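Here is the structure we will look at, set down as structure tokens.
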């Protein structure tokens, strides 16, 4: 049984560019959440998708948007990248009991 | 504001020692609490999930407790090994069955051979 997978592993972008990160949830999971983890900090909640709709959102600007597909996979899009967007982006999937399982993350570097 | 705090930020122990990692949360109306392990530059590995109705959970050498009244959770690691070296994060869920997690900053554990 495959766990949560994310792509790409690493990404380097320049300020002002746009980026798309991808996540496939653990088999049988229907809810996908995205988190941002800056160096030395705990992960911060960005948003959560369920039934192809954004159900909850953390304190992140509208430059951060997402999508969930019918197969429950998800994308995170970030527009107009800033230096401060450099971080590890983590995807987590869960089912009704809310034990969350995380993927390996995508390391985004903005130059 | 709902916050999670982990103290100490770093801990170094000799191999074989039993140890306790601490996690405190500001709001006692917690739905569940989850402990994770994170190796450098990697994702999070779920260790234990404690529901609000439970007092503790055990998995192998790990035991996690939850005391809602005092706003505290502890992760007990028995007979520590160098392979236990990692950052340990606790996360509180206040949002119910589909809630998001509020994380502490973690405790970086180093187990010396």
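Out of B:46, B:65, which single residue is within 11 Å of chain A (Cβ to nearest Cβ), assigned to a strand (DSSP E or B), surrounded by fewer than 20 Cβ atoms within 10 Å (Cβ to Cβ) and under 13 Å from the mean Cα position of the chain (by Cα)? Being within 11 Å of chain A (Cβ to nearest Cβ), assigned to a strand (DSSP E or B), surrounded by fewer than 20 Cβ atoms within 10 Å (Cβ to Cβ) and under 13 Å from the mean Cα position of the chain (by Cα) holds for just one of B:46, B:65, which is B:46. Taken over the range A:20-64, residues that are closer than 15 Å to residue A:87 by Cβ and in a loop (DSSP other than H, G, I, E, B) amount to 11. Taking the range A:85-100, which residues are surrounded by 20 or more Cβ atoms within 10 Å (Cβ to Cβ) and either modelled with pLDDT under 90 or within 7 Å of chain B (Cβ to nearest Cβ) (or both)? Those that are surrounded by 20 or more Cβ atoms within 10 Å (Cβ to Cβ) and either modelled with pLDDT under 90 or within 7 Å of chain B (Cβ to nearest Cβ) (or both): A:90, A:98, A:100. Going through (1) under 14 Å from the mean Cα position of the chain (by Cα); (2) outside any strand (DSSP E or B); (3) without any contact (Cβ under 8 Å) to a residue 60 or more places away in the chain one by one, residue A:104 falls short only on (3). Does the range A:66-82 contain at least one residue that is farther than 21 Å from residue B:100 by Cβ, in contact with a strand residue (DSSP E or B) (Cβ under 7 Å, 6 or more places away or on another chain) and more than 12 Å from chain B (Cβ to nearest Cβ)? Within the range A:66-82, one or more residues are farther than 21 Å from residue B:100 by Cβ, in contact with a strand residue (DSSP E or B) (Cβ under 7 Å, 6 or more places away or on another chain) and more than 12 Å from chain B (Cβ to nearest Cβ).
Kindly check whether there is at least one residue in the range A:40-62 that is surrounded by 13 or more Cβ atoms within 10 Å (Cβ to Cβ), under 14 Å from the mean Cα position of the chain (by Cα) and more than 17 Å from residue B:95 (Cβ to Cβ). The answer is no, given that none of the residues of the range A:40-62 is surrounded by 13 or more Cβ atoms within 10 Å (Cβ to Cβ), under 14 Å from the mean Cα position of the chain (by Cα) and more than 17 Å from residue B:95 (Cβ to Cβ).
The values are calculated or read from the model by the stated rules, or taken from the named source; none is laboratory data. Being a predicted model, the structure only gives us computed values, none of them experimental. Positions of Cβ are backbone-derived with ideal geometry, glycine not excepted, and every protein chain shown enters the neighbour counts.
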